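Below: the structure, in structure tokens.
The values are calculated or read from the model by the stated rules, or taken from the named source; none is laboratory data. All of these numbers come straight from a predicted model, not from anything done at the bench. Here the Cβ is made from the backbone with ideal geometry for all residues, glycine too, and neighbour counts use every protein chain on show.
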Amino acid sequence: MGIIASSTIFKSGDSKSSSSYYQLPAERRRAHEEAIVNATIDLIARELDALFPPKLGDTSSADPPNEIDPTKRDEETELRFCEFMNEGACKESFTALKNCVDEAQK
């Protein structure tokens, strides 16, 4: 009997240690971890944009919605997220987290 995982068949009762025998090279692990981090960041950014969409009237009529500066949009999204967290039930936890991040950035 075998288990298919990541297009490799692992057979039960194999004499070699699975922790060393099937281990990925360091370069592939780093590339895989970096891909996971980037995908997670993209997912969180999309979810925040969905939760806190741009407000109507925030952009001028000369700027179509698709051509908003990404940096400005990220700042606006972060600002709306912080307002939401500061006024919510988890205000104390969020304030503690924000203070910790501010201290780490100093």
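Points to keep in mind about this one:
- Among the candidates Glu33, Glu76, residue that is at pLDDT 85 or above, in a helix (DSSP H, G or I) and of a type outside the set (A, V, I, L, M): Glu33
- Of all residues in region 32-54, exactly one satisfies the criterion of being surrounded by 11 or more Cβ atoms within 10 Å (Cβ to Cβ) and acidic (Asp, Glu), namely Asp49.
- Count - residues of region 75-89 that are surrounded by 11 or more Cβ atoms within 10 Å (Cβ to Cβ) and either of a type in the set (Phe, Trp, Tyr) or more than 18 Å from Pro53 (Cβ to Cβ) (or both): 3
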